[in-house]
Amino acid sequence: MAQSQPELQEVPQSDPLRLGADVPTAAEPRVADGGSEAGESRCCCSAVKASRREIVQSPPSTNEPWILGTLDTPAGVVPRVDTRLRLADHLGTWRVRWGIGRMRYRVDPGLYAVGRPTAESPVLVSANYKMSFDKLRSQLAGIDAWVLVLDTRGVNVWCSAAKGTFGTDELVGRVKANRLDEIVSHRTLVLPQLAAPGVAAHQVKNRCGFRVVYGPVRAADLPAFLANGMKATPRMREVTFPFLDRVALVPIELVRWAKYAVLLAVVLLLLAGLGPEGYSWRRVAEIGAFSAGLLLAVYVASNILGPALLPWLPGRALSLKGACLGLAFVAALAGAFLLGLGPTESRAACLGWGLLIPAVASFITMSFVGSTTYTSLSGVRREMWIAIPLQAIAAVAGIAFWIAGRFM
């Protein structure tokens, strides 16, 4: 059925904003030795069964700086978004990488226009996590398209698919609420490949008449994918986890456990004053400061070197990789002690470090299981069920030996 051409209207705006993060796409991703896009970290969250509900679509806000104007369509006014990213967008990405306002970094769900889309233009589906949305729009320069944003509670595509918020019911409900069948003449939705675990394509077809096509893993491949008649190459289907994607996760992981690392460092600082002749502030200044600094150094180094060296660390389980990294730290510490660097420690205290450091490094590196393609949901559960008790035992025993060393 022929559709009328949407009519373009310009709306006065303050400076348009722009940003970047990825919208991964399609069913069974072929996984290379690595992981997913840094913006779309792999998520091993528990699935949540979404309940069917009728969605009432409120028009997305047109007051955002990245809104250029609006389009009049047969179903109402649709905001038109910019494809360029500005400093404010990159600063927003930087903030959420450090865990600042992470769960509030979202856009309104609903339908958006990129360029001057017509009834024949493709419909791309995204999450309402702003980093995902911004990465998608930043790759669409020169392309006329519709972008249907689902309400994923501000969570990225991969994690929201696992949680069930990027799911069949939300997709069908959002298609109907936005009266998409009145806006486009075709019946095709291009979904992120990494959304496949949460969407039953056949149900979408049966319930709203739209066919689901899974696009490439990375938003950067979307222009080529669309130009190739919505056909993905094997490379577009491959989920990788390259170096820059891995280190992009470091800030949020550093922040995640920082307060506990600082707390433990303070405990070691104060306990270092214990000794057979009573409490000594001199030992606090010498051994305590060294011990607290060493623990924090291990914490920071594990967060940086764990993901950076992930493909080359022995083993497949991330807890084992971290333990191996910790043993390397222990070897470096032993070398420092042999060279006379640092305070003189008893054998018991050295044994304590030999247990505590691998436990910390193993736990920190294992924290990246939610951001890699090295593991599956069942694999994560099995690894954590085995590793966490061993890490706890090693850490407690290490602290006990370290304390005993204060009296030797």
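The numbers here are math on the coordinates, done by the rules we state, and not lab data. These numbers come from a predicted model, not from an experiment. Because the Cβ atoms are built from the backbone with ideal geometry, glycine has one as well, and the counts that use them run over all protein chains shown.
Worth pointing out:
- For ARG106, residues with placed amide H under 5 Å, excluding near neighbours: LYS130
- Amide H partners (placed H, <5 Å) of PHE241, local residues excluded: GLY34, GLY35
- Relative contact order of the chain, defined on C-alpha pairs under 8 angstrom at six or more residues apart (%): 19 percent
- On full extension, the segment bounded by ARG179 and ALA227 gains 14.6 nm, given 0.36 nm per residue less the C-alpha separation.
- Exposure proxy ranking for TYR105, TYR279, TYR214, based on other Cβ atoms within 10 angstrom of each Cβ and starting from the fewest, stands as TYR279, TYR105, TYR214.
- Dipole of the chain [Lys/Arg +1, Asp/Glu -1 at C-beta], most positive-end residue of VAL300, TRP158, ALA265: ALA265
- Where GluC sites (Glu not before Pro) in DSSP loops with at most 15 other Cβ within 10 Å are excluded, longest remaining stretch of the chain: 121-276
- Listed by chain and number, the lysines placed with their C-alpha closer than 25 angstrom to that of LYS205 are LYS49, LYS163, LYS176, LYS231; residues fewer than eight positions away on the same chain are left out.
- Taking every alpha-carbon pair under 8 Å whose residues sit at least 6 apart, region 245-405 reaches a relative contact order of 25 percent.
- Degrees separating the helix 168-177 axis from the principal Cα axis of the chain, which is the longest one: 40 degrees
- With neighbours defined as other Cβ atoms within 10 Å of a residue's Cβ, the residues ILE100, ILE143 order from fewest to most as ILE100, ILE143.
- Along region 203-213 the Karplus relation, 6.51 cos²θ - 1.76 cosθ + 1.60 evaluated at θ = phi - 60°, assigns HN-Hα couplings of 5, 4, 4, 5, 8, 9, x, 9, 8, 9, 10 Hz to successive residues, with x for each Gly and Pro.
- Which of THR372, THR70, THR233 has the fewest Cβ neighbours within 10 Å, and the rest in rising order: THR233, THR70, THR372
- Length added when fully stretched, ALA404-GLU120, from 0.36 nm per residue minus Cα-Cα: 94.8 nm
- Per-residue 3J(HN,Hα) values for region 292-303, derived from phi via the Karplus relation 6.51 cos²θ - 1.76 cosθ + 1.60 with θ = phi - 60°, read 5, x, 5, 4, 5, 5, 5, 4, 5, 5, 5, 5 Hz in sequence order (x marks Gly and Pro).
- Per-residue ³J(HN,Hα) for region 392-400, Karplus 6.51 cos²θ - 1.76 cosθ + 1.60, θ = phi - 60°, Hz, x for Gly and Pro: 5, 4, 5, 5, 5, 5, x, 5, 4
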